[in-house]
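Accompanying notes for the structure given below.
The values are calculated or read from the model by the stated rules, or taken from the named source; none is laboratory data. Just so we're clear, the structure is a prediction, and the values are computed from it rather than from any experiment. Reconstructed Cβ throughout: ideal geometry from the backbone, glycine too, with neighbour counts over all protein chains shown.
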Amino acid sequence: MNNLNIIKFLCYSGLIPFFSLSILNFYFNSLIIIDIFSIYSLVILSFLCGSTWIYLILIKDKINIKPYLFFIILSPVFLILCEIFLRVQIKFFVYAIFYFLIQQIDNKFLQNDDYLKIRKNLTMLVMVSHIIMLIGIYADSL
């Protein structure tokens, strides 16, 4: 198994909690499932911000990266505040938007096409899992 296959396997394995929790939420609508999903999503978003921050500081181009750095560095703080203060429906929507925004920053600065393809697929699938979770939450509240 070469490195790209290992990377794909590990990246796509990270989707298991997203989809298993979002599907479980339909059958056992429990606050604990929603909380675990939310915390897992927050951890993954924080990890993505950290990995994005690393390659942003290594960029040698003449592009002004300060706005991107501020966004990436302050995002986990903002997301923790969202976790604490926002209703779950709004929080999941905000998290899905941040997955998309971080992926857009990756597209702008990264050169590795294989990684960008994986990130695009992962971002879409994670956003779908958030939508499934929101549907489960809204279906239960009807």
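Conditions (1) farther than 23 Å from residue 130 by Cβ; (2) modelled with pLDDT of 95 or more, marked per residue:
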| site | (1), (2) |
| --- | --- |
| 52 | no, no |
| 58 | yes, no |
| 67 | yes, no |
| 93 | no, no |
| 98 | no, yes |
| 101 | no, yes |
| 111 | yes, no |
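Please go through the range 28-38 and pick out each residue that is over 15 Å from the mean Cα position of the chain (by Cα) and without any contact (Cβ under 8 Å) to a residue 40 or more places away in the chain.
Within the range 28-38, 28, 30, 31, 32, 33, 35 meet the criteria.
As an exercise: evaluate residue 24 against (1) at pLDDT 95 or above; (2) out of contact with any Pro (no Cβ under 8 Å at 6 or more places or on another chain); (3) closer than 13 Å to residue 133 by Cβ and give the number of the one condition it does not meet.
Going through the list (1) at pLDDT 95 or above; (2) out of contact with any Pro (no Cβ under 8 Å at 6 or more places or on another chain); (3) closer than 13 Å to residue 133 by Cβ, residue 24 breaks only (1).
Looking at the range 77-103, I want the residues that are within 20 Å of residue 138 (Cβ to Cβ) and have a partner that is part of a helix (DSSP H, G or I) and acidic (Asp, Glu) with Cβ atoms under 7 Å, at least 6 apart or on another chain. Which pairs are those?
Listed by first residue and then by second, the contacts come to 91/83.
Suppose we filter 103, 89, 111 for residues that are assigned to a loop (DSSP other than H, G, I, E, B) and either under 13 Å from the mean Cα position of the chain (by Cα) or not acidic (Asp, Glu) (or both); which single one remains?
Of 103, 89, 111, the one residue that is assigned to a loop (DSSP other than H, G, I, E, B) and either under 13 Å from the mean Cα position of the chain (by Cα) or not acidic (Asp, Glu) (or both) is 111.
Yes or no, residue by residue, for (1) assigned to a helix (DSSP H, G or I); (2) surrounded by 13 or more Cβ atoms within 10 Å (Cβ to Cβ):
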position: 6; (1), (2): yes, no
position: 10; (1), (2): yes, no
position: 17; (1), (2): yes, yes
position: 29; (1), (2): no, yes
position: 34; (1), (2): yes, yes
position: 37; (1), (2): yes, yes
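What are the residue pairs meeting all of these: first residue in the range 39-51, first residue farther than 9 Å from residue 76 by Cβ, second residue part of a helix (DSSP H, G or I) and modelled with pLDDT of 95 or more, Cβ atoms under 6 Å, and 6 or more apart or on different chains?
40/17; 41/95; 48/102
Determine if the range 56-78 includes at least one residue that is acidic (Asp, Glu), out of contact with any His (no Cβ under 7 Å at 6 or more places or on another chain), surrounded by 11 or more Cβ atoms within 10 Å (Cβ to Cβ) and more than 17 Å from residue 99 (Cα to Cα).
Scanning the range 56-78 turns up no residue that is acidic (Asp, Glu), out of contact with any His (no Cβ under 7 Å at 6 or more places or on another chain), surrounded by 11 or more Cβ atoms within 10 Å (Cβ to Cβ) and more than 17 Å from residue 99 (Cα to Cα).
Please work out if residue 42 is surrounded by fewer than 14 Cβ atoms within 10 Å (Cβ to Cβ) and either closer than 22 Å to residue 101 by Cβ or in contact with a helix residue (DSSP H, G or I) (Cβ under 7 Å, 6 or more places away or on another chain) (or both).
So residue 42 does not fit the description; no.
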